[in-house]
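Okay, so here's the structure we're looking at.
The values are calculated or read from the model by the stated rules, or taken from the named source; none is laboratory data. Keep in mind that what you see is a predicted model, and the values were worked out from it rather than measured. Backbone-built Cβ (ideal geometry, glycine too); neighbour counts: all protein chains shown.
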Amino acid sequence: MSVIRDTITLRSSIFDYEYENGRRYHAYKPGIYLLPNDDREQERLESTYHIWNLVLGGNLCLSELSNPRRILDIGTGTGSWAMDMGDQYPNAEIIGTDLSPIQHEEVPSNVRFEIDDCRDPWLYEEDYFDFIHIRTLAGAIQNWPRLLEQCYRHLKPGGKLEISEGRANFWWKNDTVPEDSYTYRWLKEWRRLAPQVQFDIFPFLPDMLRELPFTGLRPLEKLVPLGPWPHDKKLKEIGGEFLSLFLDNTLEAFTLALFTRTGGWKQLELEVLLAHVRQELMTGKMHLYTFW
C-alpha cells in the first residue's frame with residue numbers, strides 16, 4: 001500500500017511546477033535543470049528538433065542500426081524523436097525518459113515515456129538496450145562519467161551510444177561582433193557562467209568515453225550559422241531558421257535561469273540586455289556561428 005501511495009504522490013507532485021521570472025520549470029527534483037518546461041519551451045524543443053533534422057540531413061540518428069529491439073532516449077523532452085523512431089522501427093521497444101511530463105499523449109504502441117532522473121541508479125537490466133540516444137542534456141548533468149558508465153553497463157555487447165550536444169558557445173566571422181556591442185557583452189558573460197554548469201560539454205566527451213571500453217568513437221561537428229548569412233544554400237536555410245528560433249525563444253530560455261541564478265543578474269536588467277541583443281542580431285550584420 002505504501003508503494004501505491006508513494007506512486008500516487010509522485011504522479012501528483014511532478015505537476016507542482018516551479019515558477020520563476022515568468023517561466024515554468026520542472027517540479028521533479030526542482031532546480032537541477034536550468035531550462036523551462038512551459039508551452040513556449042515545448043515549442044522551442046519542437047523547432048529545435050526540426051533544425052536537428054536539417055543538420056543531420058533528415059536522419060534521426062547517424063548510427064547504423066540493424067533491427068534494434070530496445071532503444072532508450074534520455075532527456076526525451078516532448079518525445080518527438082522517440083515517436084519517430086517508433087514509427088521507423090515498429091518492432092523495437094522505445095523508452096523515453098525526462099524530468100518533465102511534457103510528452104505527446106498519442107504515441108505509437110511501441111513507445112512509452114517515463115519520468116525519471118538519468119543521474120540516479122538505473123533500474124533496467126544490464127546488457128538491455130541495443131541503442132541509447134542522448135541529445136542536448138548539457139547543463140543538466142554534473143557527473144557525465146557516471147552517466148556514460150551507466151550507458152555502457154546497460155548496453156548490450158555491440159550496442160551503440162549516440163550523443164548529440166551542440167557547442168554552447170558562439171564564434172563569429174572577421175570583426176562582425178564589436179567589443180562594445182551588447183551581443184559581445186552577452187557572450188562574454190555567457191562564457192563566464194556556462195562552464196560552471198557544464199553547458200559546453202562536447203569537447204570533453206571523447207576523452208570521457210575513452211576512459212570506458214567504448215570503441216569506434218566518431219566525434220563529428222557540423223557548422224550551424226546564426227542567421228542566413230552563408231552563401232551555401234543548406235546553411236542559409238539552417239541559419240535562417242536557427243536565428244528565428246534564437247530570437248523568439250532560445251536566447252531567453254538558455255540565458256534566464258543561468259544569469260539570474262548563477263550570475264546574480266536581476267530579471268529587469270537581463271531583459272534589457274536581451275532586447276538589445278535581439279535588435280543587433282536582427283540587423284544581419286553579425287555573422288555568428290556554432291557547431292552541433
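Evaluation of Arg192 against the conditions (1) in a loop (DSSP other than H, G, I, E, B); (2) loosely packed, with under 13 Cβ neighbours inside 10 Å; (3) of a type in the set (Lys, Arg) shows that the sole unmet condition is (1).
Being modelled with pLDDT of 95 or more, over 20 Å from Asp127 (Cα atoms), more than 15 Å from the chain's Cα centre (by Cα) and small (Gly, Ala, Ser): is that true of Gly86 here? Answer is yes for this residue. Scoring Ser100 on the criteria (1) more than 22 Å from Glu43 (Cα to Cα); (2) touching a His at 6+ places or on another chain (Cβ under 7 Å); (3) in contact (Cβ under 8 Å) with a residue 40 or more places away in the chain; (4) not aromatic (Phe, Trp, Tyr) leaves a single failure, condition (1). Here is a list: Glu237, Glu252. Which entry is under 19 Å from Leu288 (Cβ atoms) and within 17 Å of the chain's Cα centre (by Cα)? When all the criteria are applied, what remains is Glu252. Within the set Leu212, Leu205, Leu217, the sole residue that is of a type in the set (A, V, I, L, M, F, W, C), surrounded by fewer than 16 Cβ atoms within 10 Å (Cβ to Cβ) and in contact with an Asp or Glu (Cβ under 8 Å, 6 or more places away or on another chain) turns out to be Leu212. Gly77 falls short of the stated requirement of being within 21 Å of Phe199 (Cβ to Cβ) and modelled with pLDDT under 95. Take Tyr89 and tell me if it is under 24 Å from Arg24 (Cα atoms) and either exposed (fewer than 15 other Cβ atoms within 10 Å of the Cβ) or aromatic (Phe, Trp, Tyr) (or both). No; evaluated as a whole, the condition is false for this residue.
When segment 117-136 is filtered for residues that are surrounded by 19 or more Cβ atoms within 10 Å (Cβ to Cβ) and either modelled with pLDDT under 95 or under 19 Å from the mean Cα position of the chain (by Cα) (or both), the ones remaining, listed by number, are Cys118, Phe131, Ile132, His133, Ile134, Arg135, Thr136. Restricted to segment 176-186, and to residues there that are under 16 Å from Thr290 (Cα atoms) and either polar (S, T, N, Q) or surrounded by fewer than 16 Cβ atoms within 10 Å (Cβ to Cβ) (or both), the residue that is nearest to the chain's Cα centre (by Cα) is Thr183. Among the candidates Tyr19, Tyr33, which residue alone is among the aromatic types (Phe, Trp, Tyr) and in contact (Cβ under 8 Å) with a residue 12 or more places away in the chain? Checking each option against the conditions leaves just Tyr33.
Note on segment 187-220: among residues that are of a type in the set (Phe, Trp, Tyr) and at pLDDT below 95, the one that is farthest from the chain's Cα centre (by Cα) is Phe214. One residue stands out in segment 44-83 among those that are assigned to a strand (DSSP E or B) and among the charged types (D, E, K, R): the one that is surrounded by the most Cβ atoms within 10 Å (Cβ to Cβ), namely Asp73.
Whether a residue is of a type outside the set (D, E, K, R) and over 18 Å from the mean Cα position of the chain (by Cα) was assessed, and Tyr33 does not pass this test. For segment 104-114, the set of residues classified as in contact with a strand residue (DSSP E or B) (Cβ under 7 Å, 6 or more places away or on another chain) and surrounded by fewer than 22 Cβ atoms within 10 Å (Cβ to Cβ) consists of Asn110, Arg112, Glu114, listed by residue number. Looking at segment 26-39, can you tell me whether even one residue there is modelled with pLDDT of 95 or more, of a type in the set (Asp, Glu) and surrounded by fewer than 16 Cβ atoms within 10 Å (Cβ to Cβ)? Yes, there is a match, as at least one residue in segment 26-39 is modelled with pLDDT of 95 or more, of a type in the set (Asp, Glu) and surrounded by fewer than 16 Cβ atoms within 10 Å (Cβ to Cβ). The set of residues in segment 113-146 being aliphatic (A, V, I, L, M), part of a loop (DSSP other than H, G, I, E, B) and touching a helix residue (DSSP H, G or I) at 6+ places or on another chain (Cβ under 6 Å) consists of Ile141 alone.
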